[in-house]
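One structure is given below, encoded as structure tokens.
The values are calculated or read from the model by the stated rules, or taken from the named source; none is laboratory data. This one's a predicted model, so the numbers in the text were calculated from it and none came from an experiment. Cβ coordinates were reconstructed from backbone atoms using ideal geometry, including for glycine residues, and neighbour counts include every protein chain displayed. SASA here: full protein model, heavy atoms, side chains in, ligands and nucleic acids out. Shrake-Rupley method; radii C 1.70, N 1.55, O 1.52, S 1.80 Å.
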Amino acid sequence: MSIEKCKGTRDMSPTEMQLFRAIENIFRECCLGWGYEEVRTPILEYLYLFTAAGTLTPGRLGKVYSFLDWDGWSGERVVLRPDGTIPVARYYIETRRSGLARLFYVSNVFSFEETGRETREKWQCGAELIGSRSLTSDIELIVLALELLQKLGFRDLELRLSHAGLIRAILSKFEIDPEEQHRLIDRISDGDIRVLTGEKPELARVIAPLLNNKGKSSGFLKNISVMLGRDFPELLTPITEFTDLVAALDSLDITYQIDISSGRGFEYYTGLIFQLYAGEHRVAGGGRYDALIPLLGGKDIPASGFAIYVDKLMELSRVDLSVGQAKERVLVQLQTGINSLKAAFEAVKALHQNGFIAEIISDDISHKQAGWLLEIRETGWRYLLRNTRTDTQYEVAAVQEIVARLKG
């Protein structure tokens, strides 16, 4: 029997892990700079956390990995988390219950995929701003997402904006039940209004202007308000919110495209939805989800957040992996003997403390993979330090002199 990994999973090589950590570290640095605190939630969560009304659609729930928790524990059905935001909301409800919280996480999420050609385990870095309903909070998250993607080397990013409140306001006018709303929002947000033409032609007539037009200014939203505001006064509040937000982006010289059909996959969102694209690739997305914490049993707490998609960023990476790496790699070679063994580990410890990469090698390892070779001797001068690039060498008596030579 051949040994192979599960379909839809991936191994990360040492080089890929170096890239993964670089992305993670830049994300963490940006979040800490904005005052966010890191949390980590468990991979296992109770299924009911995701079946609460309005959290995940039936389509997504059909793709979760779930099983019964046996052996004298809860007897509840649990899942491998299919989403990063909902567990953070659960954590907030359990531990804080109220007040402002800026939280960020790095986690993997799981979703079943039949063919095995797509990844079933995905990694994402996310930031959640809980407890604020202000326009400033939404702007903060957009600016934070742009900042970290730019630090990752992405320049020509496209910001696409949508608003879940617009579609929901129209659907509520037609008295469509919540389960049917989920199905329609998924299709409508994907730009597919053909599903409505046969079933609900009047609804299709109203929604078509929203989906078939795109804009790059607040004037686009004012036109929608004029077209639909008389028949749908429910739209005035979300359109006003949306208009204020894009006006604020204008004042910050942040370019965007308003595209109502770009909101697919954000089923529990209630307001702004934003997505960031690098070329044709979606690399980040998020928005406002004021109803989520109440749906999960918490207080009426507003919230918004976003995630960057690490797997996709690794594919498109423009991160300079040389940044932050140790200046030099030192190979430590020792002769047989107790004295040289002790001296070798003392030297490695000192080199690590001073920011160098140091590893102990055997005689048959090529010296070409490092700039320096440190030979540990049993007799005579304790150390022989050799620069493999220039083939110069130094006899050294103390570890401190080795460090000084390398730094010099």
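Summary of computed values
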read-out	value
Cβ-Cβ under 7 Å pairs, at least 6 apart or on other chains, the range 1-27 side closer than 12 Å to residue 311 by Cα, far side outside any helix (DSSP H, G or I) and among the aliphatic types (A, V, I, L, M)	19/319; 19/321; 20/12; 23/152; 23/319; 24/106
Among (1) modelled with pLDDT of 85 or more; (2) closer than 15 Å to residue 332 by Cβ; (3) open to solvent by 60 Å² or more (accessible area, probe 1.4 Å), the one test that residue 391 misses	(2)
Subset tally (residues that are more than 11 Å from residue 126 (Cα to Cα), aliphatic (A, V, I, L, M) and in contact with a Phe, Trp or Tyr (Cβ under 9 Å, 6 or more places away or on another chain)) for the range 24-45	2
Answer residue from the range 3-33, given it is more than 22 Å from residue 118 (Cβ to Cβ) and more than 16 Å from the chain's Cα centre (by Cα) and is most open to solvent (accessible area, probe 1.4 Å) among those	3
Residue in the range 283-296 that is nearest to residue 318 (Cα to Cα), counting only those that are of a type outside the set (A, V, I, L, M, F, W, C) and touching a Phe, Trp or Tyr at 6+ places or on another chain (Cβ under 7 Å)	285
Residue 165 vs. criteria modelled with pLDDT under 95 and surrounded by 21 or more Cβ atoms within 10 Å (Cβ to Cβ)	yes
Test: residue in the range 314-326 that is crowded, with 21+ Cβ neighbours inside 10 Å, among the aliphatic types (A, V, I, L, M) and either in a helix (DSSP H, G or I) or modelled with pLDDT of 95 or more (or both)	no
In the range 244-265, the residues that are closer than 23 Å to residue 169 by Cα, modelled with pLDDT under 90 and open to solvent by 20 Å² or more (accessible area, probe 1.4 Å)	244, 247, 261, 264, 265
Which listed residue is more than 22 Å from the chain's Cα centre (by Cα) and more than 21 Å from residue 134 (Cβ to Cβ), from 234, 267	234
Candidate set from the range 225-241 (those that are modelled with pLDDT under 70 and not in a loop (DSSP other than H, G, I, E, B)); member that is least open to solvent (accessible area, probe 1.4 Å)	228
Residue list for the range 34-60, filter: farther than 18 Å from residue 89 by Cα and either surrounded by 14 or more Cβ atoms within 10 Å (Cβ to Cβ) or at pLDDT 95 or above (or both)	34, 60
Residue match in the range 271-283 (condition: at pLDDT below 90 and not β-branched (Val, Ile, Thr))	no
Among the candidates 103, 135, 80, residue that is closer than 24 Å to residue 274 by Cβ and crowded, with 18+ Cβ neighbours inside 10 Å	103
Some residue of the range 115-137 being within 13 Å of residue 49 (Cβ to Cβ), assigned to a loop (DSSP other than H, G, I, E, B) and within 22 Å of the chain's Cα centre (by Cα)	no
Set 408, 371: member being surrounded by 16 or more Cβ atoms within 10 Å (Cβ to Cβ) and modelled with pLDDT under 90	371
